[in-house]
């Protein structure tokens with residue numbers, strides 16, 4: 001395959017397609033691509049030859065919410081759900097599946113007046129990320145906030161906030177969030193990088209959120 005040219009790997013004539021998220025998982029059975037097809041409210045699992053293996057979703061998530069983002073984190077598939085019909089107010093939910101597409105749990109359910117507001121980006125924080133260490137971080141597209149949840153129970157822990165003002169951080173048009181890989185080329189493991197498309201996606205922003213180290217920590221060591 002010529003690396004300088006794109007090719008259509010999957011084409012399903014007549015099948016509704018609106019892909020809003022992709023991620024890859026390496027398993028004992030091989031490497032698989034997971035695609036969020038919002039048009040059919042399902043995650044599509046493809047093998048390394050782009051052959052469809054199976055589809056899955058959570059039919060208990062109430063409409064108008066449907067699959068929106070898909071992320072492979074610590075060997076599990078995290079799926080975010082958001083309103084898929086134009087004009088519907090923000091809301092959301094987060095499910096956890098295994099790599100075979102079996103639902104493990106609804107980690108964050110739909111809640112009236114909840115903090116999820118069209119969630120897409122998802123990341124798991126490292127053990128040295130301040131008060132939200134080892135938590136699930138979920139980014140909202142609608143209000144640009146990043147909210148932290150207990151990784152096991154899904155309990156809301158609070159929003160990421162500016163350490164000087166105490167106000168929640170809001171990034172217009174927030175999309176992807178991901179922690180650095182731990183080397184000079186891709187940032188420290190406790191640096192949260194983000195990509196956003198403000199001005200109705202006519203603009204572009206790339207940045208990072210860093211938890212400042214407490215100076216008392218060094219004095220106590």
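In the chain, the calculated helix contribution to ellipticity at 222 nm averages -1000 deg cm²/dmol per residue, counting -39,500 (n - 2.57) for every DSSP H run with n ≥ 4. Largest mean-square fluctuation among 186, 41, 102, in a Gaussian network model of the chain whose springs join Cα atoms under 10 Å apart, belongs to 186. What the Cα atoms of region 131-188 give is an Rg and a Dmax of 12.5, 34 Å.
Mean separation of Cα pairs under 8 Å and 6 or more residues apart, divided by the residue count, gives region 118-178 a relative contact order of 33 percent.
For residue 127 and residue 60, the FRET efficiency from 1/(1 + (r/R0)^6), where r spans their Cβ atoms and R0 equals 41 Å, is about 0.80. With springs only between Cα atoms under 10 Å, which of 116, 104, 174 fluctuates most in a Gaussian network model of the chain? Of 116, 104, 174, the Gaussian network model singles out 104 as fluctuating most. Taking all Cα pairs closer than 8 Å and separated by 6 or more residues, the relative contact order of region 89-208 comes to 17 percent.
Taking all Cα pairs closer than 8 Å and separated by 6 or more residues, the relative contact order of region 1-114 comes to 17 percent.
With 0.36 nm allotted per residue and the present C-alpha distance subtracted, the residue 31-residue 47 stretch has 5.1 nm of extension available.
Throughout, read-outs are computed from the coordinates displayed, never taken from laboratory work. Fair warning: this is a prediction, and the values are worked out from it, not measured in the lab. We place every Cβ from the backbone using ideal geometry, glycine too, and count neighbours over all the protein chains shown.
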